[in-house]
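Since the structure comes first, as structure tokens, the remarks are kept for the end.
The values are calculated or read from the model by the stated rules, or taken from the named source; none is laboratory data. Quantities reported herein were computed from a predicted structural model and do not represent experimental measurements. Here the Cβ positions follow ideal geometry from the backbone for every residue, glycine too, while neighbour counts run over all protein chains shown.
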Amino acid sequence: MFLLILLAILIPILPEKVIIGLTISIFLAYGLVRETELRITGVNPCTSYFNTLLLAAAITSTMLVGIPRSVIGAAVFLSAFHGERGAIKNIILFTACGLAYFVYFYHATKQSFSFDYLFFLSLTGALAASLVESVETKSDKRTTLLLAAATTYLIFTIYALKTTLLELAMAFTIAFALSLAATKSGLPMKAGC
């Protein structure tokens, strides 16, 4: 968990190529020290971190093609907080963690930001992450959470700038209700995931 948080904290501070090299180095060092192997299902915590660090290395390399650093950093940061807590607690925790990271990122990079925008961005990632956590599966949830959060943050970042605050509020109220209903009803578990 510490390595993921450290990596996320360094993303707004260090140059892109340094971050990519650091992520690959952390992945290789962790694999050598822990003597773990890549597995998709039936993972233990060490293998889960190994998988997540591999995916983090792949995702951080997308900075070279224009994927925003904030999206990558927030997804990596969020993946450090994987755990079974229940739908509401996960949504609250993931929203708070996402919001804290985005505020940190924009302060560290001295960029202006809208708190409303960051809140909805954080909530979007939290809903996706909470849904991933609620699915009963033998697959690696931490790695899936990283991928889901990164994808959700990226999609929101691309399309949210074309909407008003009222439209965002309505969309996320509906999304929150549907996500919560799906999670509470066990729908993800019945979908064959």
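Quick one: is Thr124 part of a helix (DSSP H, G or I) and modelled with pLDDT of 75 or more?
Yes.
Would you confirm, using the coordinates I've provided, whether Phe176 is in a helix (DSSP H, G or I), farther than 25 Å from Val43 by Cβ and modelled with pLDDT of 85 or more?
no
Taking only pairs six or more apart or across chains, which ones have beta-carbon atoms under 9 Å, a first residue in the stretch 139-156 that is more than 14 Å from Asn90 (Cα to Cα) and without any contact (Cβ under 8 Å) to a residue 60 or more places away in the chain, and a second residue that is outside any helix (DSSP H, G or I) and of a type outside the set (Asp, Glu)?
Matching pairs, first to second residue: Thr144/Val135; Thr144/Thr137.
Taking the residues in the stretch 69-96 that are over 18 Å from Ala108 (Cα atoms) and hydroxyl-bearing (Ser, Thr, Tyr) as candidates, determine which candidate is farthest from the chain's Cα centre (by Cα).
Here the residue is Thr95.
Got a sec? Which of Leu64, Leu54, Leu28 is surrounded by 12 or more Cβ atoms within 10 Å (Cβ to Cβ), out of contact with any His (no Cβ under 8 Å at 6 or more places or on another chain) and under 24 Å from Thr151 (Cβ atoms)?
Being surrounded by 12 or more Cβ atoms within 10 Å (Cβ to Cβ), out of contact with any His (no Cβ under 8 Å at 6 or more places or on another chain) and under 24 Å from Thr151 (Cβ atoms) holds for just one of Leu64, Leu54, Leu28, which is Leu54.
Would it be correct to say that Ala169 is under 18 Å from Ala96 (Cα atoms), in a helix (DSSP H, G or I) and at pLDDT 80 or above?
no
Taking Phe113, is it assigned to a helix (DSSP H, G or I) and of a type outside the set (Gly, Ala, Ser)?
no
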